[in-house]
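Asks: First the structure, which I've put down as C-alpha cells, then a few questions once you've had a look.
None of the figures in this text is laboratory data; all of them are computed from the coordinates on show. Computed from a prediction, not measured in an experiment: that's the story for all the values here. Neighbour counts run over all protein chains shown; Cβ positions are idealised from the backbone, glycine included.
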Amino acid sequence: MKKKYVWLFLLLLAAAIAVGSRTEVAGFLRRNFAATFSEVLPSEPTKLRARYLKKHPQELNIAVFGPWDYYARQGFILDKAVQLAIDEVNAAGGILGRRVNPVWVDNGNYSAIAQEQAEKLAADPSIFAVLGPVTSGRVLQFNSLFGDAGLPEVAPLAQSERINRDRTNALLFMPIASDLAESRALAAWAEREKRNNFLILNDDSRFPMSYGSCVEQSFYEKDLLVYGRVLFDQSSKKNYIRDQVLQYLDYFPVQNIIYLSKTGDASDYADLADRVFTRLPEGTLYFNEFTTLDRLLKIRLDRNRVFVPAAIPLNEANRAELRKFLKMENYERDFLSLIAYRSVHIFADAIRQAGTLEPGRIAETMRTGVMQTPLGEFRFSADGFEADPPLEILSLEELEKRWRAIAAE
C-alpha cells in the first residue's frame, strides 16, 4: 500500500513540474518531497553525497552562496576575500588531499531567488558544504534546510540571536560576534567613556532579539538611557534618516547616536555627521562594522567623535595578512571581507583536525576545538558564534591611524 502512494505522489510531482517548475504547487512539492519520503526512497541526500565524494576523491565542492554583487556595490569585496582564502587552502595542499572547488551562487539579495537556489543546493549531491548565506535574514529564512540535507553551513556575517536558538541545526556556525555580544561591548564602551542618552538608527526589525533590541537591552542593563529607535530600510526616502534624527533632537535630550545598518545603507554620512555635531557639540556618532572605512572618511571633521568596532585586531601579528588586502583592487578597508576570508580558513582547519569528511565529526571539532587561521586562533561559543570576540571600539581618527601603520613599509 505504501508503495502505491509513493508512485501516486511521484506522478503528481512529475505533473506539477511539467506544468511549470516555478509554480507555487511545484515549489511546495519539491520542499516537502524529501522530508515526506526519506524513509521509503533510497535517494537520501547524505547517501548520494557520500557516493559522490567516494567517486571523486580529489575534489571538494563548496557552495559559496550570497548576494556577492550586491555587497560589492556597497564597497565590500567578500567574493574576492573568499576566493583568496580558497586559493591559499589549495596552495597548502587542499583539505585532506582534496582540492576545494567554489561553486558560486549569487542570489541578488532577493528572497524568492535565494529560496529556490537553496533548495537546489540542498538536493545537489556534488555539494559538500555551504559557505553562506551571508546575512541573518537568509539564514533564518532557510532555517535547517541545509542541516537536514547533511550539509555543514558556515554563515560568515550572520549575527542574529534568533538563529538556531533551539539548536535544531547542529551543522550551522556563524564565525562572527553575535548581535548581543557586540551590543554588550558597545554598552561597556559607553559606560567606560561616560556616554549616555542614546538614539538608535536601525535597519533591523522590531522582533525580540533583533540587533536594535539587543543594544537596548545591553544599555538598560547598565542603566544607560535609550530614547528611541529610528527604523529604516532600503525603500526609505532620501534624507529620511537625517530628518528623523533632527526631529528627535528637537524633542529629546539625545547626546549620542548609534547607526546600525546591515543593508549597506547609502546615507550621506558626512551630511548626517555635520548636522548631528552642529546640534551636539560633545556628542558622538557610532557605526557598526557594516560600513567601510573609506566611505566613512567622507566625514572630514570631528573624526575623533565617530566610532567603529574593530572586529579583527589591527595589530602587528595580523600585519602581513592585512597588507594582502590593502593591495587588492577596490578594498575599502572593511572588516566584513576579513571575516569572510577567515571563515574559509576556520572551516578548512576544522576538517583537517577532524580528519574526516563526516559532517557530525566536523561540527563537533568546530564546537570544541581551536581553529588556526592566518588571522589568529578562533573558537566558537556554545551558540555557534565567535567566542569572546576581541571587539575594540575605535574612533575614526584612530582607525585610520592604525590602517596607515599597517600599510607603512
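Asks: How far apart, in nm, are two points set 7 Å out from the Cα along the Cα-to-Cβ line at Met209 and at Ser126?
Replies: Distance between the two pseudo-spin positions: 3.7 nm.
Asks: Any idea how far apart Arg402 and Arg300 come out in nm if each label point goes 7 Å out from Cα toward Cβ?
Replies: 2.7 nm
Asks: Let me ask something else about it. Which trypsin sites (Lys or Arg not before Pro) in segment 223-321 pass both tests, a DSSP loop state and at most 16 other beta-carbon atoms within 10 Å?
Replies: Hits after loop and neighbour filter: Lys237, Lys238, Lys298, Arg300.
Asks: While we're here: Using every pair of alpha-carbon atoms in the chain, split the distances into 10 Å bins beginning at 0 and state the percent of pairs per bin, rounded to integers.
Replies: Pairs per bin, as whole percents: 4, 21, 30, 23, 14, 6, 2, 0.
Asks: Need the full-extension length gain, Arg367 to Arg99, defined as separation in residues times 0.36 nm minus the C-alpha distance. One decimal, nm.
Replies: Extending this stretch completely gives an extra 94.0 nm.
Asks: Would you mind counting up the charge near Tyr52? Only other residues with Cβ under 14 Å from its Cβ, with Lys and Arg at +1 and Asp and Glu at -1.
Replies: Value of the local net charge: +3.
Asks: Could you let me know the centre-to-centre spacing of segment 63-137 and segment 307-386, using Cα atoms, in angstrom?
Replies: Centre-to-centre (Cα) distance: 15 Å.
Asks: Next question, about the same structure. Enumerate by residue number the GluC sites (Glu not before Pro) in segment 136-222 meeting two conditions: DSSP loop (anything except H, G, I, E, B), and at most 16 other Cβ atoms within 10 Å of the site's Cβ.
Replies: Here the GluC sites (Glu not before Pro) that fit, given the DSSP loop and packing criteria, are Glu193.
Asks: While we're on this one: Filter the GluC sites (Glu not before Pro) in segment 319-396 down to the DSSP loop ones having no more than 10 other Cβ atoms within 10 Å, then list what survives.
Replies: Answer by residue number: Glu329.
Asks: Hey, another quick one. Under unit Cβ charges (Lys, Arg +1; Asp, Glu -1), what dipole magnitude, rounded to 20 debye, does the chain have relative to its Cα centre?
Replies: 1100 debye
Asks: Could you go through segment 127-142 in sequence order and give the Karplus-derived ³J(HN,Hα) for each residue, using 6.51 cos²θ - 1.76 cosθ + 1.60 with θ = phi - 60°, rounded to whole Hz, and x for Gly and Pro?
Replies: My calculation for segment 127-142 gives 8, 8, 7, 10, 9, x, x, 6, 10, 4, x, 6, 4, 5, 4, 8 Hz in order.
Asks: Based on DSSP H runs of at least 4 residues, each adding -39500 (n - 2.57), what is the mean residue ellipticity at 222 nm of the chain after dividing by all its residues, to the nearest 500 deg cm²/dmol?
Replies: Taken over the chain, the calculation gives -14000 deg cm²/dmol.
Asks: With a ≥ b ≥ c the root eigenvalues of the C-alpha gyration tensor of segment 207-335, is it rounded (a/c under 1.5), prolate (a/b larger than b/c) or oblate?
Replies: It comes out prolate by the Cα gyration axes.
Asks: Could I ask something else about it? How large are Rg and Dmax for segment 86-127 when only the alpha carbon atoms are used, in Å?
Replies: 13.7, 38
Asks: Among Pro359, Asn202, Phe290, which residue has its Cα furthest toward the positive end of the charge dipole of the chain, with +1 on Lys/Arg Cβ and -1 on Asp/Glu Cβ?
Replies: Pro359
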